[in-house]
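Here is the structure we will look at, set down as structure tokens.
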Amino acid sequence: MSAEAESGCDGKIVQLEDARKIYQMGNQAVNALAGITLSFARGSFWAIMGPSGSGKSTMMNVLGCLDHLTSGRYVLEGQDVSTLDDDSLSELRLRLFGFIFQSFNLIPQLTVQRNIELPLYYLGWDAHHSAARAKELAEKVGLEERLNHHPTELSGGQMQRVAIARALANEPEIIFADEPTGNLDTATGEQILRLLVELNEQGKTIIMVTHESYIAAHAGRRLHMLDGLVERIEGDG
Amino acid sequence: MHQIKIVRNILLGIENLLLHKLRSLLTTLGIVFGVGSVVAMLSVGEGASKEAMDQIRKLGSNNIIVSAIKSIDDEAASTTHSHMSIYGLTYEDHVRVAESFDTIRQTAPVKLVRKEGRLRERALELRIVGTTPEWFELVRRPVLAGRVLLESDEEDQLAVAVLTEFGARRLLAAESTIGQSLRLGSDYFEVVGIVKSESGQAGNIQIPDEQIDAYIPIGVARKYFGDITTRRTAGTREREMVDLHQIIVQVGSIDDVEPTAAGIENMLGNFHKKKDYLVSVPLALLRQAEATKRTFNIVLGSIAGISLLVGGIGIMNIMLASVTERTQEIGIRRAIGAKRRQIIGQFLIETVVLSIIGGLIGIGLGVLVPFMITYFAGMATVITVGSIVLPLVISFGVGIIFGLYPAVRAANVDPIVALRHE
Ligand SMILES: Nc1ncnc2c1ncn2[C@@H]1O[C@H](COP(=O)(O)OP(=O)(O)O)[C@@H](O)[C@H]1O
Ligand SMILES: [Mg+2]
């Protein structure tokens, strides 16, 4: 266990072993993940690509501990998480992950500050420290002027930057980004991507789904999926 | 740290409710009326009990009051012409009552005579109460000056009188009245004491004492004034012969009150040809109060129950709508790492805050209702700490019960489904 754990911690932050996800649609089985064995190195930047229905979202959900595998193993930092219960998975997400979504997924009733503070709230931080951290993160993404605004008053690019600030609040190990530039124009998308590259340079592991090859080009490694399987892997970053 | 978190959660809940002010307010109406009814119900019940207790305190909780009454056919006969009506309780009745029941602790026979009292130049129409020292045990009133009647007064047939505070003030200034000579009719009595007095009705029972009483030993009353009274009215002479006007009985324990009263009633029935006596039991007032309380409990309790149910369902409905509206928010929170029970907590706090706010408004309303009941229906109402706390507990309970299902629904939102963008 210890040797394995060490190797997991040193190099591979995430490992999938014959990972399968099967959806039963009536009497038809859909292999959303059809047996994938793959590992992601700590500090790497992955772009997951592939046609619609190839299993990208399913892959992200499994890796992000939002969904269980039907069979196979998912080892996260040396720990098999396939068998963990809902509370433990929530705890893992809270401590290790940051999520960035295509449609930003900010809570519209809450101010920018409150949105950024959300992970800290569940981590049990007090109001004072949370506010300080939210301010720091807002500065990092260039939105310190907007802390008291509501998301609806912001542009798409600004909303995504709030989402990034929120994803960073808990100092995550891995950032999952599901088409983070999908709802943005090219220039804004580039800005967002530069932020992600910067984070990767600071040592964060980033796993991103994207359709655009010019976006994927920023990632060190590109995983092409097809019919729930790995078609090919490009790059060596 | 933990308390701060709860306070923060509650504030967040209130913030969320404030986003839909009108909707939240309307939702709480059921709780408002439900809780209002509970407050009203409790205060009416409390008022009825308290009033009864006050009355019973004046009458004596362990007392049974047997009074002489003029029966109806007697009343008719006496109006025709000069006639002697003989009725009421006899000295033998008193002895029999006192000796027949071992539940009885003490008794006081009462003989009433109306005479003018004079102290020097001042005069007052008095009700002379010939009785024994037990009277002052059974009709407990504070002694203001001097003493009450003693056994020795009776034995020595002393012409002594105890006045009421009211009588003493009318006839002469208080303290110095002690030792004065009071003229009753044509005889002089030495004033030996002054006691407080009550008067009027308690419930439907006549309070035994009156403001204009003068208490003298019963033997003395009998000797000086006899058993026959004559009243002259417009040409007719009305003569009455009554031994005793009242017998006040005290039993040892409150449980003996009603059986003993029934026994006395029964025994007097055997010796009296006409129904010229009345047995009243102060304790019965408590039964009446309980009956009143029951009626109000049924009426207001039903209103409360239905309102709370409707209110609870209303709250549940609004929270279910809220869960649907906020599916995305719930998904985000879950993805970020909120546990199921934290989502449950968030929604439960919102429902409880909502129902407590409704409860507080309801208490405000419910406090007004008893005032109105007192004002318009003349019923006593009492608002106690309990009649505020219980409704609060109830509204808390309603929030928990009807909030649980929506909260569990919220916690079971699948983040994958909630966050899927189409
Ligand atoms: N909840 C679900 N129920 C049934 N089938 C599903 C479900 N989610 C995904 N699928 C199927 O799994 C396959 C992979 O889907 P998905 O991971 O969403 O692909 P992508 O994100 O690459 O478009 C598709 O065939 C899709 O129809
Ligand atoms: Mg997809």
With -39,500 (n - 2.57) per DSSP H segment of 4 or more residues and division by the full residue count of chain B, the 222 nm estimate, nearest 500 deg cm²/dmol, is -18500 deg cm²/dmol
Rounded to two decimals, the Debye log10 I(q)/I(0) of chain A (Cα scatterers, no solvent) at q = 0.10, 0.12, 0.16 Å⁻¹ is -0.47, -0.68, -1.17
As a percent rounded to 5, the proportion of antiparallel DSSP bridges among beta bridges in the stretch B:63-252 is 75
Extension length gain for B:Arg57 and B:Glu325 (0.36 nm per residue less Cα distance), in nm, is 90.4 nm
Two pseudo-spin positions, 7 Å from Cα along C-beta at B:Arg23 and at A:Ala29, lie apart in nanometres by 4.4
Computed curve, the protein assembly as shown, Cα-only Debye sum without solvent term, log₁₀ I(q)/I(0) at 0.08, 0.11, 0.12 Å⁻¹, is -0.73, -1.08, -1.18
At 37 °C in a medium of viscosity 0.692 mPa s, the stretch A:128-204 has a Stokes-Einstein diffusion coefficient, with Rh taken as the Kirkwood radius over alpha carbon pairs, in µm² per second, of 254
For A:Gln109 and B:Ile14, extending 7 Å from Cα along the Cα-Cβ vector and measuring point to point gives, in nm, a value of 1.5
So the compactness index of the stretch B:63-252, its C-alpha Rg divided by 2.2 N^0.38 Å, takes the value 1.04
In whole percent, the fraction of accessible protein surface over the stretch B:321-393 that belongs to carbon or sulfur atoms, probe radius 1.4 Å, stands at 77
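Apply 1/(1 + (r/R0)^6) to the Cβ-Cβ distance of A:Arg73 and B:Val389, taking R0 = 41 Å, and write down the FRET efficiency to the nearest 0.05.
Working: r = 56 Å, r/R0 = 1.37.
My answer for the efficiency is 0.15.
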Of all DSSP beta bridges with both partners in the protein assembly as shown, the antiparallel percent, nearest 5, is 70
Looking only at lysines whose Cα falls under 23 Å of B:Lys5's and that sit 8 or more positions away or on another chain, we get A:Lys135, B:Lys339
From the Cα centre of the stretch B:1-56 to that of the stretch A:14-45, the distance in Å is 53
Note to self: C-alpha centroids of the stretch A:129-196 and the stretch B:297-360 sit apart, in Å, by 33
Helix B:386-411 sits off the longest principal axis of the Cα atoms of chain B, rounded to the nearest 10 on a 0 to 90 degree scale, by 20
The stretch A:74-112 scanned against label point 7 Å out from B:Lys5 along Cα→C-beta; backbone N under 18 Å for A:87-96
For chain B, the longest principal axis of the Cα atoms and the Cα long axis of helix B:21-59 enclose an angle in degrees, to the nearest 10, of 20
Rounded to two decimals, the Rg over Rh value of the stretch B:218-281 from Cα coordinates and the Kirkwood Rh reads 1.11
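Roughly what % of DSSP beta bridges within chain B run antiparallel, to the nearest 5?
75
Considering all alpha-carbon pairs of the stretch A:35-78, what whole percent are spaced by more than 16 angstrom?
42
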Cross-link reach from B:Lys111 to lysines, straight Cα distance under 18 Å and at least 8 residues apart if same chain, gives B:Lys70, B:Lys223
Dividing the helical contributions, -39500 (n - 2.57) per DSSP H run of n ≥ 4, by the residues of chain A yields a 222 nm value, nearest 500 deg cm²/dmol, of -11000 deg cm²/dmol
Rounded to one decimal in nm, the spacing of the 7 Å Cα→Cβ label points at B:Glu121 and B:Glu238 is 3.4
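The values are calculated or read from the model by the stated rules, or taken from the named source; none is laboratory data. Remember, predicted model here, so these are calculated numbers, not experimental data. Glycine also receives a Cβ, built like all others from the backbone with ideal geometry; neighbour counts cover every protein chain displayed. What goes into the accessible areas is simple: the full protein's heavy atoms, side chains included, and nothing from ligands, DNA or RNA. Shrake-Rupley method; radii C 1.70, N 1.55, O 1.52, S 1.80 Å.
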